[in-house]
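**Student:** Take this structure first; my questions come after.
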């Protein structure tokens, strides 16, 4: 095996490991029923501001905000400011997000 081939295989394994770690972390993020409900609501309705989402899901604004920050950290959702409000939508630029959307068949 040449050094070039060895390095390509090594890079492929490292890349695969990073992707799997992201996948495992995302499964953990959606294992919580509230976070799953928030994510599912965002998928169905294409995005919401925190206060509206909290009311829909039945949690406090503070709780919804914390759950959304966690989902954002896992790159499942993205945040945007609309005036004084903070809104979130699904991160369709993340392959893992697309995989989850396909899995839950929303």
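What follows is calculated from the coordinates using simple rules that are stated; it is not laboratory data. For clarity, every value in this text was computed on a predicted model and none was experimentally measured. Quick reminder, even Gly has a Cβ in these numbers, built from the backbone with ideal geometry, and neighbours come from all protein chains shown.
**Student:** Roughly what would the spin-label model give for residue 45 and residue 80, points 7 Å off Cα along C-beta, in nm?
**Tutor:** Distance between the two pseudo-spin positions: 1.6 nm.
**Student:** For 93, 67, which order do you get if you count the other beta carbons within 10 Å of each Cβ and list the fewest first?
**Tutor:** Working: 93 9, 67 25.
Least to most surrounded, the residues fall as 93, 67.
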